[in-house]
Structure formats: structure tokens, C-alpha cells
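Everything below concerns the one structure shown next.
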Amino acid sequence: MMAARKEDRPVTLPEGVSLRRVAQVLLEAWEAGAHQWTDTPLQLREGAPPKPAMPVPQDALDLFRLLAERGAEYLLVGGMAMLTYVSGRNTRDVDLLMSGATLGQIPELALEDKNDFFARGKFRSVQVDLLLTQNPLFKIVAEKFAAKHRFAELEVPAATVEGLIVLKLYALPSLYRQFDWDRIYVYESDVKLLLARHKPKMEPLFKLLEPHLLPTDLTELRKIVSQEQDRIVKAEGPGAS
């Protein structure tokens, strides 16, 4: 079915949705949008999109500025890091990997929940999910799978393609056991996008994951990745580079 022209589409709001909430959704999409990143692998391949005007100062950018001012050692992971490698991904949260000591450098980040390996907090209006390097695998990712990309005027350390895949594969078995389908679909989709776009070597990543997952979980993850790699090869055909 042919899509309606933009000018022909009626613009309506669902019942009960406030203009304030719509404005907040639009702002969140702008703050974490792909236009904020420059010279990323995605843009070097496809070219930079035009940058829209900034609607208001954004708390997410202020958080990165604060981290830079404090000299905090951290790694951006999750949806915002995905934006440097694939298009069409967005997020309302900021996901950071850091040590407990680094977390102590940011008292402005109000913690709402914390355990040995994870924490959640708020920086003004921004929800911040934290992965802590007390987890040995998270520490390895921080040390071995870091790259720097520009976000607005800042150099932001972000996880590499391989680092993102490791973190998402590590999380999936727990999500399966919790029947957390919303996050399962997002994480599986992220892995598939990264596999299709960047074709990383997976065997070293599985070797890295091996000490940190049950053998049955690792076997299932290998199966999922292998099936997706086969599907990519078939879709691209024999002449694909």
C-alpha cells in the first residue's frame, strides 16, 4: 500500500495525551538523536544528516559536560552508544559503565537503586542506568572495548561494536528467564543490526563470555548468532562484499 503524502496525513493526539508529554517525547528524541554525533562510523559511511535547531538546553549534554569536567572514567553503552554505529535507534535513558569510585565523583547523580553490579539514578530529568566494573566482565569491556566519538562539542568514550555485543549477549539469558520481552526484542535487534552492519568476529567474543555464562546459555546464544549470520549471508547474496 502506498503511503499517504505527508501533507495528506491528519495530525491528531490520542485521547488523554497532553501537549506537555508530546513535547517531552520530542525533546528526548532530539537530545539523544543521531544528529548530535559527528565523525562516527555510521556517518563516515553514509554521510552526516543535517542538524536540526536545538529546542532547549538538554540535561543529557550537561551530564556529559559534568563527567568531562570531573575527569570521570566511564564508557557510554546502551542506546546512545548504538547511535554511533546504526541508524534508527533511540533511547530515553543514558547508560554508563563505570567504577563505584567514579560514581562517587558525581554526587549530582541521585541514586534510586544500587546493587553490586548495577545502579539507577537521575541527573535532573535524565534517567541514568549504570553498569559497575565490580562485575569482572564489565571491567574487561571498559578496558578493551572503548572508542571515542564526538557528541556535540565533547569527546565521549563509548563502547565499540564488539563491546556492545558482549554486553547485550551477556544480558540476554537473564532477560529470557525474567520473560522481559520488551528488552529481549530490543537487545536481540541491536545485536542483529550490529552483525549485519559491521560483521564483527564473534568467536573471540564468545570466548570472552564463556567464563561468565552458563554453558547452556552460551550454546543458545551461539545458535542465535549463527542463525542470524546465515540469514545475513543469504540476504546479501554471493556478490556482497
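The values are calculated or read from the model by the stated rules, or taken from the named source; none is laboratory data. Bear in mind that the values here come from a model prediction, so they are computed numbers and not experimental data. Note that we place each Cβ from the backbone using ideal geometry, even for glycine, and neighbour counts take in every protein chain shown.
Within the stretch 92-107, can one find any residue that is in contact with a strand residue (DSSP E or B) (Cβ under 8 Å, 6 or more places away or on another chain) and either among the polar types (S, T, N, Q) or not assigned by TED's automatic domain parsing to the domain that holds Glu155 (or both)?
yes
Quick test of your reading of the structure: Leu75 fulfils all but one of (1) modelled with pLDDT under 95; (2) surrounded by 13 or more Cβ atoms within 10 Å (Cβ to Cβ). Name the failing condition by number.
Going through the list (1) modelled with pLDDT under 95; (2) surrounded by 13 or more Cβ atoms within 10 Å (Cβ to Cβ), Leu75 breaks only (1).
Please specify each residue of the stretch 99-119 satisfying the condition of being assigned to a loop (DSSP other than H, G, I, E, B) and among the small types (Gly, Ala, Ser).
Ser99, Gly104
If we keep just the residues of the stretch 52-66 that are surrounded by 12 or more Cβ atoms within 10 Å (Cβ to Cβ) and more than 18 Å from the chain's Cα centre (by Cα), which is modelled with the highest pLDDT?
Within the stretch 52-66, the match that is modelled with the highest pLDDT is Leu66.
Based on what the data block shows, is Glu188 surrounded by fewer than 16 Cβ atoms within 10 Å (Cβ to Cβ), at pLDDT 95 or above, charged (D, E, K, R) and assigned to a helix (DSSP H, G or I)?
Here the answer is no, as Glu188 does not meet what is asked.
A quick yes/no check of all residues on (1) assigned to a helix (DSSP H, G or I); (2) acidic (Asp, Glu); (3) touching a Leu at 6+ places or on another chain (Cβ under 8 Å); (4) touching a residue at least 60 places away in the same chain (Cβ under 8 Å):
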| residue | (1), (2), (3), (4) |
| --- | --- |
| Gln127 | no, no, no, no |
| Lys139 | yes, no, no, no |
| Glu143 | yes, yes, no, no |
| Lys148 | no, no, no, no |
| Val156 | no, no, yes, yes |
| Gly163 | yes, no, yes, yes |
| Leu169 | yes, no, yes, no |
| Pro173 | yes, no, yes, no |
| Arg177 | yes, no, no, no |
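Could you pull out the residue among Phe117, Phe138 that is surrounded by fewer than 21 Cβ atoms within 10 Å (Cβ to Cβ) and aromatic (Phe, Trp, Tyr)?
Phe117
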